[in-house]
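Laboratory data are not the source of any read-out in this text; all were calculated from the coordinates shown. Here the structure is a predicted model, which is why all the values come from computation and not from measurement. Here Cβ is always computed from backbone atoms with ideal geometry, including for glycine, and neighbour counts include all displayed protein chains.
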Amino acid sequence: LVVLVHQHHDPLAELRVQPGSDADRRAVERFPGLITDELNVKRVSLHSGEAMLKSSAKLNKKTAAAKLGPNLKQAEASLDAMDVDQLRAANFILVGVQLEAADIAITYSAPEGWHGVVDKSTQVMIDGRITPELKLEGLSRDVIRLVQDERKKAGLDVADKIELHLGAEGELAAAIAAHRDSIAADTQVVKWHEAPIGGSHAATAKVDGQALAIHLKKA
């Protein structure tokens, strides 16, 4: 199964797959957790029925113009009226001229806010819209990564419990407050401090351009 790789740090809401084969369908049904983890999406779903992506076709003029000659404009008008599925054959006739698949460029477009790709007969579409909730979750994941980095720099073992202070303002502070439990679970926090911790390992960082102060010590 070929998937649309999501590289944004914020999680996205959904990956939707319209499988073109039993193998692709089984892959989604058997490994939804792997797909959501690898692509940083909240859920993956299967789609059936009408095609998710809108397809359109245009002549590849580099190869088709010489074959069509003065019939080029007529061929373009005929192509606009044809079903794209009719154009997938290796060879076909357009305005009396035999063309090949390479003479046609087929493109696909997704609904507004979505991004899609096609591999053979399988279509994959991902929701690219970032809600405020997803934005805060993305920021919290960046905070977790930075705290983990500082744990290593402080010489702590993976299993060591810590006391932690995180200093932030605005949107970043809201993200930390909303996801305090997951930050604690992932970074082994057993005690939070509202003020900087004296004698602790301290660092400053930027999260999406916003200042973050990190103070931690072994519990």
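Quick one: which of K42/K161; K152/K206; K135/K206; K135/K217; K153/K191; K42/K152 span more than 25 angstrom between C-alpha atoms? From the list (K42/K161; K152/K206; K135/K206; K135/K217; K153/K191; K42/K152), the Cα-Cα distance tops 25 Å for K42/K161; K135/K217; K42/K152.
Using the Cβ-Cβ distance between S56 and E133 with R0 set to 41 Å, the FRET efficiency from 1/(1 + (r/R0)^6) comes to roughly 0.75.
Can you tell me the length gained on complete extension of the stretch A105 to S121, counting 0.36 nm per residue apart and subtracting the Cα distance?
Numbers: separation 16, 0.36 × 16 = 5.76 nm, distance 1.59 nm.
Stretched fully, the A105-S121 segment lengthens by 4.2 nm.
Roughly how big is region 61-213's charge dipole about its Cα centre, with Cβ charges of +1 (Lys, Arg) and -1 (Asp, Glu), in debye to the nearest 20?
Details: 17 positive and 23 negative charges, 96 e Å.
Roughly 460 debye, rounded to the nearest 20.
Placing +1 on the Cβ of every Lys and Arg and -1 on the Cβ of every Asp and Glu, with nothing else charged, gives region 49-142 a dipole about its Cα centre of roughly 420 debye.
I want the antiparallel fraction of DSSP beta bridges within the chain, as a percent rounded to 5.
Values: 33 of 41 bridges.
Once the DSSP bridges in the chain are tallied, antiparallel ones form about 80 percent.
Projected label points at V95 and K206, each 7 Å from Cα along the beta carbon direction, are separated by 5.5 nanometres.
Loop-located trypsin sites (Lys or Arg not before Pro) in region 149-185 (DSSP state not H, G, I, E or B) with no more than 15 neighbouring Cβ atoms inside 10 Å: K161. Looking at region 120-215, the GluC sites (Glu not before Pro) that sit in a DSSP loop and have at most 12 other Cβ atoms within 10 Å of their own Cβ are E169, E194. Of I106, A13, A213, which is farthest along the charge dipole of the chain in the positive direction, counting Lys and Arg as +1 and Asp and Glu as -1 at C-beta? With unit charges placed on the Cβ atoms, the residue in question is I106.
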